[in-house]
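Have a look at the structure below before the remarks.
The values are calculated or read from the model by the stated rules, or taken from the named source; none is laboratory data. Remember, it's a predicted structure, so these values are computed and weren't measured experimentally. Virtual Cβ from ideal backbone geometry, glycine too; neighbours counted across all protein chains shown.
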Amino acid sequence: MLRDLIIGLSIGSAYSLLAVAVVLIYSSTKVLSLAVGEIGAFALYVALRWHERGWFGWHPSVFVCALLTIVGAGALGLLVERLVMRPMVGRPALDTLVATLVVALLLALSELAIYGINPFAAPSPVGHGTVRLLGATVSATQVTALLLAGFVAVALWLFLTRTSFGLATRAVTGDATVARLLGVKVNRVYVFAWGVGGLLSGAAAALLAPISGSLTPFSLTTALLSALAGAVIGGLDSLGGAIVGSLLVGLVTSVVGSRVDPTTSAGVIFLAVLVTLLVRPQGLLGGARASA
Amino acid sequence: MRPARSRSSRVALALGSTALLALTASGCAARFDRPPPGTQSLDQGGGLPVDQGGLPITPTGQPGTGTTGLTGTTSGTTGVQQGPSTTGGTTGGTTTTGGTAGGSTGTAGGGTTGSVPPGSTTGINGTTITVGLFVPKTGAAPVPATVDAQAQNYFDYVREKGGINGRNVKIKIYDTGSTEAGARTAVQQAVSDGIFAAVSLDRLTVEARLTAELHAAHIPHLVAQLPPSTTIPDDAFYIGMNQLHHGPQIADYMVHNLRKTKVGVIIETDPGLNAARDAFVTRAQANGATVYKNVINPADSDYTAQVNALCASKAETTWLYMAPTPAVNIAVEYRQLCPAQKMTWVGNNISWGFNLVLTPAAGALDGAKVFSPWGGLRDPRYTTFNQVNKEGQTDRDKDIGLAAWGFGQVLAAAIKQAGPALGRNSFLVAMQALKTGTTDQVTGTAMCWPPLDFTGGKRYGSGDRSIVMTVQGTGATAIWATESDYRSTF
């Protein structure tokens, strides 16, 4: 059982970075982004191809590839914000949701067209070390993902609660129109959310793909499904909740998956999402006002 | 930040979850081995598998209740008419179903057919016979793009050799998109185009759909694989291996050839795969081995739990009964999380025994074995293929050309046996009497698919003969190589 718990935490850690990206964008812009997975995946595809072919006479190392992925995904996030999301400011949530879904599909189809469906080798930027704990073996990549997600969550929380820009972000979240009247540059908040969300998406892709060793179109969107479940269970407006929820998803995946089967574990997770939406829509760590 | 959540936000959230679920369920991962649920049992004809002496084929309608083998099956207006065969057995008979009018009896086939009415000549135009090749060029599990050029390769070579009875075959490719809906559309297009016959190589569910649609359109069909539980129509000819029999074969191979006593099997979450998995487990245990078994969701991107469990089981060899992507992912994760234990991975049929798969595996599949319909590219029997095939770019895409070359050989053999009076009727009769052996009857080169024998109403022409291939080299230079020739028992 302890072994399953450790494995579950390691699985959940892989989703936590994506979940944090989802929560950051949602809590700042009220947009539930389904494009987070593929933004990172697309950037990772480009970086890995660069690593493989050595464009401009340079074969970046795998670690540098990860950094390029993070930067590239951040830039892609900004591009999506400027070209797709900003013109949709003020539109119903359903419109923005569909827009992000379309962005995800376009990116995945582009990956398919350019790189094909066959798995693309994705080596780990932090090496192939492992950690053995209570009978379980987890990879250094998973440990890195968990540590990075925790660090990012704390850093973002401090930034959003201790800086004037963070206060401005919270004002925009509360009511964008009022915030604008009060002099807050709302577009800057959106740029921040999508830019940092993109960076996190890139980090998630750079660490998630190497866990299984390969990258395929839609694979990060599939992972996003689990991350989204974690974010909803933990609280869509809570960075800590995103991590806690993701870890819970990992635990269910491991414990139920090993004792029953993977289909049942997926069913349990989505049943938990449903129950959360019905009983406590703000999630485990979300704000009380959400249920009002 | 804890903003109030609006009603529209909750709606969006629910829709988002639903959309992602639908996206995932639509099948993003590559799969060759996923049969549809609810198909009929393989066993028919008094409980005997149809490839082991079950009911004879009547080329239209239901299996006949007449006599053994290919016996004088003269059907009615839509049926196959077969006259006396020039060689063959001794038993005559009639079929009681399959056509609207009964016919005369004949003698058992086994060699070339005699004056067989050609039947429909759809797709035969002057000196050209148009045959459809149904493959996934797009979608979840596409074949290499060079399949277009490689598909015609064999018949270009046949043309150099003088053609077949004054004709040659033109291959027309149809893209299934790796989906059943795509398969339906592709068959509709093929019917509109008026193809003579069809060959297909796709994932199991798509193959099953193609088989049903082509049967409904009365188009003769050579199929590479089908779900173990599927009833094979009388105008479809299964030229790959029956996966139901692969389980025991692989179990025997692991114990007797690899000499392992701790074996494993991991399958995708699909009840259609259980029968072959269970047959594997039963045989392995009967052989005295301890068996680890597990299930994965092919849509998952992280198999840490299964890999940890596999590592803890101390299994020395494991059958990955799944599509290429999860197989590669599991092998990569295993190498990372369980580096101290050596594992020999085993695959089946055409699921992941392609050179293309070895690139993302990046050494994780080193030493793997696969039970394959064809051998490795360096196999001496494929010298002519390698010399003629200039369209395949590298080792990574040439083995799909090998599959197409083999399809061509089977087609050519049946077309030759059907004689100058070629039509769908005479072609079906020739297929039902087909025995290919190891040498191409048209070009004299080595056959690329297993020696086939469809006589006596056999539905699985290969008789479950497989070549075992092994991975030679590592990483970017790795390539599948022939380990042992066609055989049924290990």
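Within segment A:120-168, being in contact (Cβ under 8 Å) with a residue 24 or more places away in the chain, out of contact with any strand residue (DSSP E or B) (no Cβ under 7 Å at 6 or more places or on another chain), among the β-branched types (Val, Ile, Thr) and within 11 Å of chain B (Cβ to nearest Cβ) holds for one residue alone: A:THR141. Taken as a whole, the condition of being at pLDDT below 85, charged (D, E, K, R) and more than 17 Å from the chain's Cα centre (by Cα) does not apply to A:ARG162. Filtered by the rule that a residue be surrounded by 23 or more Cβ atoms within 10 Å (Cβ to Cβ) and either over 18 Å from the mean Cα position of the chain (by Cα) or polar (S, T, N, Q) (or both), segment A:66-84 gives a lone residue, A:THR69. Given the condition farther than 25 Å from B:GLY166 by Cβ, acidic (Asp, Glu) and at pLDDT below 90, answer yes or no: does some residue in segment B:439-455 qualify? Within segment B:439-455 (the criterion being farther than 25 Å from B:GLY166 by Cβ, acidic (Asp, Glu) and at pLDDT below 90), the answer is no, since none of the residues qualifies.
The set of residues from segment B:284-342 being within 9 Å of chain A (Cβ to nearest Cβ), of a type in the set (A, V, I, L, M, F, W, C) and in contact with a Pro (Cβ under 7 Å, 6 or more places away or on another chain) comprises B:VAL295, B:ILE296, B:VAL328.
If only one of A:LEU44, A:LEU67 is in contact with a strand residue (DSSP E or B) (Cβ under 7 Å, 6 or more places away or on another chain) and among the aliphatic types (A, V, I, L, M), which one is it?
A:LEU44
Do the conditions hold for B:GLN441, that is, is it surrounded by fewer than 24 Cβ atoms within 10 Å (Cβ to Cβ) and without any contact (Cβ under 8 Å) to a residue 60 or more places away in the chain? So B:GLN441 passes the test. Summed over segment B:356-396, residues that are outside any loop (DSSP other than H, G, I, E, B) and within 11 Å of chain A (Cβ to nearest Cβ) total 7.
One residue stands out in segment B:302-322 among those that are surrounded by fewer than 24 Cβ atoms within 10 Å (Cβ to Cβ) and of a type in the set (Gly, Ala, Ser): the one that is nearest to B:ALA279 (Cα to Cα), namely B:SER313.
Selection over segment A:223-234 of residues that are within 10 Å of another protein chain (Cβ to nearest Cβ) and without any contact (Cβ under 8 Å) to a residue 60 or more places away in the chain gives a count of 3. Highlighted here are the strands (runs of 3 or more DSSP E) found entirely within segment B:139-224 that include at least 2 residues which are over 19 Å from B:ASP399 (Cα atoms): B:168-175, B:197-200. Taking the criterion of being closer than 14 Å to A:VAL252 by Cβ and among the small types (Gly, Ala, Ser), no residue of segment A:15-28 qualifies.
Being in contact (Cβ under 8 Å) with a residue 12 or more places away in the chain and crowded, with 24+ Cβ neighbours inside 10 Å is a description that applies to B:ALA198. Scanning segment B:262-275 for residues that are within 20 Å of B:ALA368 (Cα to Cα), surrounded by 19 or more Cβ atoms within 10 Å (Cβ to Cβ) and either out of contact with any Leu (no Cβ under 7 Å at 6 or more places or on another chain) or more than 12 Å from chain A (Cβ to nearest Cβ) (or both) yields B:VAL263, B:GLY264, B:VAL265, B:GLU268. Sort out which residues of segment B:182-197 are farther than 18 Å from B:VAL143 by Cα and out of contact with any Gly (no Cβ under 6 Å at 6 or more places or on another chain), and write them in order of number. B:ARG184, B:THR185, B:VAL187, B:GLN188, B:GLN189, B:VAL191, B:SER192, B:ASP193, B:ALA197 - these are the residues of segment B:182-197 that are farther than 18 Å from B:VAL143 by Cα and out of contact with any Gly (no Cβ under 6 Å at 6 or more places or on another chain).
Taking segment B:262-292 as the range and being at pLDDT 95 or above and either within 24 Å of A:SER10 (Cβ to Cβ) or among the aromatic types (Phe, Trp, Tyr) (or both) as the test, the residues that pass are B:GLY264, B:ILE266, B:PHE280, B:TYR292.
Scanning segment A:260-289 for residues being without any contact (Cβ under 8 Å) to a residue 40 or more places away in the chain and part of a helix (DSSP H, G or I) gives a total of 14. What is the residue count in segment B:177-190 for residues that are among the β-branched types (Val, Ile, Thr) and under 16 Å from B:HIS215 (Cβ atoms)? Count: 1. Selection over segment A:178-215 of residues that are farther than 23 Å from A:LEU79 by Cβ and either more than 14 Å from chain B (Cβ to nearest Cβ) or in contact with a Ser or Thr (Cβ under 9 Å, 6 or more places away or on another chain) (or both) gives a count of 11. Among the residues making up segment B:296-342, those that are assigned to a helix (DSSP H, G or I), farther than 18 Å from A:LEU5 by Cα and within 29 Å of the chain's Cα centre (by Cα) are B:PRO324, B:THR325, B:PRO326, B:ALA327, B:VAL328, B:ASN329, B:ILE330, B:ALA331, B:VAL332, B:GLU333, B:TYR334. Looking across segment A:235-264 at every residue that is of a type in the set (Val, Ile, Thr) and within 8 Å of chain B (Cβ to nearest Cβ), the one that is nearest to A:GLY127 (Cα to Cα) is identified as A:THR253.
Summed over segment A:140-155, residues that are polar (S, T, N, Q) and under 15 Å from A:LEU5 (Cα atoms) total 1. A single member of A:VAL89, A:VAL103, A:VAL62, A:VAL98 is in contact with a Ser or Thr (Cβ under 8 Å, 6 or more places away or on another chain), of a type in the set (A, V, I, L, M, F, W, C) and over 30 Å from A:VAL255 (Cα atoms), and it is A:VAL62.
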